[in-house]
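Enquirer: Here's a structure for you.
No lab work stands behind these numbers, since they all come straight from the coordinates. All values reported here derive from a predicted model rather than from experimental measurement. Methodologically, a virtual Cβ is constructed for each residue, glycine included, from the backbone with ideal geometry; neighbour enumeration extends over all protein chains shown.
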Amino acid sequence: MVKPAALRAGDLIGVVAPGAAVEEATLRAGAQVLEQAGYRVRIGASVLKRVGYLAGSEGDRLSDLVDMFSDAEVRAIVAARGGYGSGRLLPFFDPAVARQHAKIFVGYSDLTFLLTQLVQRAALIAFHGPMVADLDKNPGGAAALLGMLSGDRAGWNLSATTIIQPGTAEGVIVGGCLSILVAALGTPYALDTAGRLLFIEDVNEKPYRIDRMLTQLRQAGKLDDVAGVIFGEMAGCVSGPEEAVSVREVIRDAFSGARFPVVLGLSSGHGDGTTTLPLGIRARLAGERLSLLESPVAE
């Protein structure tokens, strides 16, 4: 795995929108957070474009992504927001570009499509963390993100809130948004989970939908050989008035016979989103504690 260089004060951060269109006011507010923290910010040429629900055409969005990776002055790339659309770029994005110009890449939600390819096909460490549109309203998450990217070890010891299945395991962290992981099944971009610590999170999905997606992962063989499973907050994943099952109960049932550790409540991605989780890095899950075993950046 290639580790990107640590972020330093004064470095240039590029902003891209590989998927959904973003509101300018939200984008500017998040960019200001980065600037006030001592970084320079360059917004991609197509970020504020709009083609239906997308931030410009496929060509526009792909060009921004490739340009930011290829520009040696840009030291980190942070997605503007999630939404929908980054998966449409996968057939056209060459992972070799990212590996040749290794640098920090941050996103979550729909960006799971790209995060998976950066880790799996470019062998580049990537970061499941706050995006630019989040930063103004999530100062804790912004601080944790910039600390992680600069090589600060304070974020190396993470914690979930609930142990579903006790145990200890080590492995490389992979994963992201559950609905995106499921959407990639049966394609060349499906996630390899064997021997890995699988991180899963999502938002505003009813428990029966979480059950359906976990069932699909299992039937696709993606839970057969995992080292452990780490669930995020699962924000807004609540039952309707006539439904008596909670998402926690769905997860407990899905992993009731698991012989590997399973935890719930790591705050990365949707929800409070205060944690930046490096993907492609070896870590140790023991009880509710997740500890990185190596730096995610080249120091």
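Enquirer: Between the helical axis of 24-36 and the dominant principal axis of the chain, each derived from Cα atoms, what acute angle in degrees is found, rounded to the nearest 10?
Expert: 80 degrees
Enquirer: Also: In nanometres, what is the gap between the two model label sites at Ala45 and Ser159, each 7 Å from Cα along Cα-to-Cβ?
Expert: Distance between label points: 4.8 nm.
Enquirer: Divide by every residue of the chain the summed helix terms, -39500 (n - 2.57) for each DSSP H run of at least 4, and state the resulting mean residue ellipticity at 222 nm, rounded to the nearest 500 deg cm²/dmol.
Expert: Values: 9 runs with 83 residues, N = 299.
When only DSSP H runs of four or more count, the value is -8000 deg cm²/dmol.
Enquirer: Over the chain, with a Gaussian network built from C-alpha contacts below 10 Å, which listed residue (Leu111, Leu145, Leu158) shows the highest mean-square fluctuation?
Expert: The residue with the greatest mean-square fluctuation here is Leu158.
Enquirer: Compute, for the chain, the length of the dipole vector about the Cα centre, with Cβ point charges of +1 (Lys, Arg) and -1 (Asp, Glu) only. Units Debye, rounded to 20.
Expert: Approximately 400 debye in magnitude.
Enquirer: Based on Cβ point charges of +1 for Lys and Arg and -1 for Asp and Glu, what charge dipole magnitude is obtained for region 156-292 about its Cα centre, in debye rounded to the nearest 20? Don't skip to the end; give the middle numbers.
Expert: Numbers: 12 positive and 15 negative charges, 70 e Å.
Computed charge dipole of region 156-292: roughly 340 debye.
Enquirer: For an R0 of 25 angstrom, estimate the FRET efficiency from the Cβ-Cβ distance between Ala37 and Tyr84 and round to the nearest 0.05.
Expert: After rounding, the FRET efficiency stands at 0.30.
Enquirer: Using only Cα atoms and rounding to the nearest 10 degrees, what angle (0 to 90) does helix 139-149 make with the longest principal axis of the chain?
Expert: Relative to the chain, helix 139-149 is tipped by roughly 80 degrees.
Enquirer: Moving on. Set Lys and Arg Cβ to +1 and Asp and Glu Cβ to -1, take the dipole of region 1-63 about its Cα centre, and tell me which of Val33, Leu54, Ala21 lies farthest positive.
Expert: Of Val33, Leu54, Ala21, it is Val33.
Enquirer: Could you tell me whether region 12-154 comes out rounded, prolate or oblate from its Cα gyration tensor? Rule is a ≥ b ≥ c as square roots of the eigenvalues, rounded for a/c under 1.5, then prolate if a/b exceeds b/c, otherwise oblate. List each step's numbers first, then the result.
Expert: Numbers: a/c = 1.57, a/b = 1.13, b/c = 1.39.
In terms of gyration-tensor shape, oblate.
Enquirer: Which loop-located trypsin sites (Lys or Arg not before Pro) does region 13-62 contain, where loop means any DSSP state but H, G, I, E or B and the Cβ has at most 15 other Cβ atoms within 10 Å?
Expert: Arg50
Enquirer: Using only Cα atoms, find the angle between the long axis of helix 207-219 and the longest principal axis of the chain, and express it within 0 to 90 degrees, rounded to the nearest 10.
Expert: 90 degrees
Enquirer: Okay, next question. What does the C-alpha gyration tensor say about the overall shape of region 156-292? Classify as rounded when a/c is under 1.5, otherwise prolate if a/b is larger than b/c, or oblate. Present the calculation step by step, with values, prior to reporting the outcome.
Expert: Details: a/c = 1.42, a/b = 1.20, b/c = 1.18.
Taking the square roots of the gyration eigenvalues as a ≥ b ≥ c, region 156-292 is rounded.
Enquirer: Identify all aspartates and glutamates with a Cα-Cα distance to Lys3 below 12 Å; exclude those on the same chain that are fewer than 8 residues away in sequence.
Expert: Straight-line reach from Lys3, under 12 Å: Glu294, Glu299.
Enquirer: Could you work out how much longer the chain between Leu293 and Ser70 gets when fully extended? Use 0.36 nm per residue separation minus the Cα distance between them, nm to one decimal. Spell out each step's value before the answer.
Expert: Numbers: separation 223, 0.36 × 223 = 80.28 nm, distance 2.98 nm.
In short, 77.3 nm is gained.
Enquirer: For region 31-100, run through the GluC sites (Glu not before Pro) and keep only the ones in DSSP coil with at most 13 other Cβ atoms within 10 Å of their Cβ. Write down the numbers at each step before the final one.
Expert: Working: sites: Glu35, Glu58, Glu73; in loops: Glu73.
Answer by residue number: Glu73.
Enquirer: Another question, if that's okay. Using all Cα-Cα distances in the chain, what percent lands in each 10 angstrom bin from 0 up to the longest?
Expert: 7, 30, 37, 21, 5, 0
Enquirer: Rounded to the nearest 20 Debye, what is the dipole magnitude of region 12-154 about its Cα centre when Lys and Arg each give +1 and Asp and Glu each give -1 at the C-beta? Before the final figure, lay out the partial values.
Expert: Details: 14 positive and 14 negative charges, 37 e Å.
The calculated dipole for region 12-154 is roughly 180 debye.
Enquirer: Assuming R0 = 22 Å, can you tell me the calculated FRET efficiency for the pair Glu58 and Leu185, based on Cβ-Cβ distance, to the nearest 0.05? If you can, show how the numbers build up before the last one.
Expert: Details: r = 22 Å, r/R0 = 1.02.
That gives a FRET efficiency of 0.45.
Enquirer: Right, something else. Which trypsin sites (Lys or Arg not before Pro) in region 210-286 sit in a loop by DSSP (not H, G, I, E or B) and have at most 15 other Cβ atoms within 10 Å of their own Cβ? Show your work: numbers first, answer last.
Expert: Working: sites: Arg212, Arg218, Lys222, Arg248, Arg252, Arg259, Arg282, Arg284; in loops: Lys222, Arg259.
Here the trypsin sites (Lys or Arg not before Pro) that fit, given the DSSP loop and packing criteria, are Arg259.
Enquirer: Which of these, Val15, Val33, Val263, has the largest mean-square fluctuation under a Gaussian network model of the chain (Cα springs below 10 Å)?
Expert: Val33
Enquirer: Moving on. If we sort 183-189, 233-239, 93-99 on the protection proxy, mean other Cβ atoms within 10 Å, highest first, what's the order? Before the final figure, lay out the partial values.
Expert: Working: 183-189: 14.1, 233-239: 19.1, 93-99: 16.6.
Top of the packing list down: 233-239, 93-99, 183-189.
Enquirer: Hey, which of these cross-link pairs are over 28 Å Cα-Cα: Lys103/Lys137; Lys137/Lys222; Lys49/Lys222? Don't skip to the end; give the middle numbers.
Expert: Details: Lys103/Lys137 26 Å; Lys137/Lys222 35 Å; Lys49/Lys222 37 Å.
Long pairs (Cα-Cα over 28 Å): Lys137/Lys222; Lys49/Lys222.
Enquirer: What spacing in nm lies between the two simple spin-label points modelled at Ala96 and Ala244, each 7 Å away from Cα in the Cβ direction?
Expert: So the two model labels end up 5.9 nm from each other.
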